[in-house]
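Coordinate-derived values only; no laboratory data. Given the structure is predicted, the values throughout are model-derived calculations rather than measurements.
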Amino acid sequence: MNPVTPQAAPLGDPMPDPESVERLETKHRLNCAMQWLEEEPTERAATAAIIFNVKPSSIRMRQLRLRHQQRNSRGTFTQHGGNNLILTTAQEEAVFQFCSEQLEMGLGATPSVIYAAICYLRQ
């Protein structure tokens, strides 16, 4: 068995797409470059790009995205909205309790009534 010649894949295993393999390798090199930059804060993105054979713009874009990523009020990251939560968990429970009490009294909790209750809680 010659280590230079590629092995044929078994009949059940399809060969991986060369483009997807290249993408994974690039992603791995980019991750290594980012880790190296964390360990060497005085180095620039261009230096890491040369060492790890990735585009400098890819490193700078990833750095930018990491800087702009912030935690929301619940301490987690959300990519698609949800960061503008205005009520705490206790206030949210109070609104739910208010709605159930309104329902028990036979009154409906309309959106305008709920909005007024939330505005009252926010004061």
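Quick notes on this one:
- If the segment from R60 to M105 were pulled out straight at 0.36 nm per residue, it would be longer than the present Cα-Cα gap by 10.3 nm.
- Length added when fully stretched, L87-I50, from 0.36 nm per residue minus Cα-Cα: 8.5 nm
- Taking every alpha-carbon pair in region 18-68 and binning the separations at 5 Å intervals from zero gives 4, 23, 32, 24, 11, 5, 1, 0 percent.
- Length released on extending from Q97 to K27, taking residue separation times 0.36 nm less the Cα-Cα span: 20.3 nm
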